[in-house]
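Please treat every number below as a calculation from the coordinates, not as lab data. Quantities reported herein were computed from a predicted structural model and do not represent experimental measurements. Cβ: placed from backbone, ideal geometry, glycine included. Neighbour counts: every protein chain shown.
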Amino acid sequence: MAAPAKQVVKQIPAWRATLGRWLYSKSYFCELGLMRDDCLNETEDVKEAIRRLPKDLYDERVFRIARALSLSNKKTVLPKEEWTNYDMDVPYLQPYLKEVLAEKAEKAEWNKK
């Protein structure tokens, strides 16, 4: 009985990855050419991370968001071949966001003393 349970546990990551890909393909933001990091709620930390983006990444982000707003306004989506796919979607903002959060935590630690 224990052997099949171990097999199921080993299969869960592949199953979750498949489900994640399917859910990603069914989301609206990829039909507009957006990436996941384009859709983050713009808290103060996210705004600071966006401010720290290199110019080329920032310009790409602004272009994707402007295009998505235009498409949404027209109530249309990009042609299927231009949709953002799961493999293209890289977390480009996450390193900058982690840096901002680490600095914030370090500042809080220094203020405690």
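General remarks:
- Taken about its Cα centre, the chain carries a charge dipole of about 400 debye when Lys and Arg each add +1 at the Cβ and Asp and Glu each add -1 at the Cβ.
- Note on Leu57 and Glu106: the extension gain reaches 15.0 nm, defined as 0.36 nm multiplied by sequence separation minus the Cα-Cα distance.
- The per residue volume of the convex hull around the alpha-carbon atoms of the chain is 157 Å³.
- Neighbourhood charge, 13 Å Cβ-Cβ cut-off, centred on Leu34 and excluding it, Lys, Arg +1 and Asp, Glu -1: -2
- Helical segments meeting 20 Å axial Cα length and Kyte-Doolittle -0.5 threshold in the chain (DSSP H): 2-26, 55-73
- Charge context of Asp59, other residues only, Cβ under 15 angstrom, K/R +1, D/E -1: +2
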